[in-house]
Amino acid sequence: MEHRRAKDQESDGISQKDVESLDRMSLSDTSATPGLSTAGGSKGKNTWKPKSIVTLALTLLTSSQAILIVWSKRAGKYEYSVTTAIFRVEALKCLLSFVALYRTWNSQGVTEDNRLTTSFDEIRVYPIPAILYLVKNLLQYYIFAYVDAPAYQILKNLNIISTGVLYRIILKKKLSEIQWAAFILLCAGCTTAQLNPLSDHVLQTPIQGWMMAIVMALLSGFAGVYTEAIIKKRPSRNIYVQNFWLYIFGMLFNLVAIFLQDFGAVINKGFFHGYSFITVLMILNHALSGIAVSMVMKYADNIVKVYSTSVAMLLTAIVSVFLFSFHISLAFFLGSTVVSVSVYLHSVGKLQQQK
């Protein structure tokens with residue numbers, strides 16, 4: 001799921017959660033971004049196709065992520081084991097990282113920076129973000145007992161705030177006035193989108209849903225900032241190697257979660273009990289989302305990711321109208337618009353800092 005969001009993880013703003021850790025690939029690709037995203041010249045003409053493809057892929061994957069989770073339910077419950085599904089996502093990401101690393105070995109050879117063999121001092125830092133992402137990913141499933149898919153797409157942008165504040169506290173990075181203004185707008189937009197004029201309750205999402213969203217944002221933000229600190233400690237280290245070890249620990253901790261939460265069901269019914277075609281699509285979606293974000297950061301830029309996130313919120317709402325009879329109220333439309341503007345302003349503020 002979106003594990004690696006060291007710069008992202010919104011799918012999610014500074015880094016966008018879920019994620020996911022593969023987002024961290026953009027840190028090593030930053031030097032290539034300006035040339036690849038140049039509007040004019042032959043280089044810009046040669047890259048418009050990959051930019052368009054990865055942007056479209058990210059938009060579709062992001063917009064369908066929450067829908068697939070909700071759709072995978074039967075009578076309001078998950079018939080499959082959530083912990084096994086998360087384990088499968090981690091295993092698939094680990095496999096994809098290894099395949100990418102194998103291609104690197106074929107093209108560049110095995111070097112000190114891309115070999116898998118390593119020391120205990122290097123890998124001992126990965127369990128911390130792996131545990132944080134595990135808890136965050138579990139919450140990502142259970143939050144849908146309190147929110148619908150469109151509301152989730154909006155609320156998960158709260159990790160922009162948590163990541164920004166943690167950047168300021170942990171990495172001592174200053175935030176611009178534009179970014180602070182974007183934080184305020186983001187809070188206002190999330191609240192506006194949740195207004196419920198047809199009920200005595202002011203907000204549609206109950207307090208449990210808000211608390212889950214806030215905890216998810218904090219976990220995603222801290223994991224992303226911590227992971228970025230790990231990368232910067234040894235920037236020459238191949239990103240696929242770092243992802244590989246992070247996913248290995250993610251798989252190990254997910255096995256522990258399976259044993260603690262779903263051991264009886266897995267033993268009696270099997271590892272894949274309750275899986276459907278939608279469940280398989282959901283697992284593929286979460287695994288590929290992190291790759292799509294990293295590819296956007298490689299072939300395009302952060303602004304493109306912002307546009308994808310904003311369009312994804314709208315697409316999720318439209319599809320939910322047909323699948324789940326979701327009602328797009330004026331409050332939701334205005335709130336999602338404010339959220340989109342705030343995400344854009346935050347991105348602009350970040351780019352101004354980098355200049």
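Computed from the coordinates by the stated procedures, all read-outs in this text should not be read as laboratory data. Source: prediction; values computed, not measured. Heads up, the Cβs are rebuilt from the backbone with ideal geometry, glycines too, and the neighbour counts pull from every protein chain shown.
Table for the structure above
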| item | result |
| --- | --- |
| Exceeding the 23 Å Cα-Cα cut-off - candidates 73/136; 93/173; 156/269; 172/232 | 93/173; 156/269 |
| Approximate spin-label separation residue 188-residue 328, in nm, with each point projected 7 Å along Cα-to-Cβ | 2.3 nm |
| Extension reserve of the residue 255-residue 112 stretch, reckoned as 0.36 nm per residue once the Cα distance is removed | 48.4 nm |
| Residue 173 long-range amide H proximity, modeled H, under 5 Å | 168 |
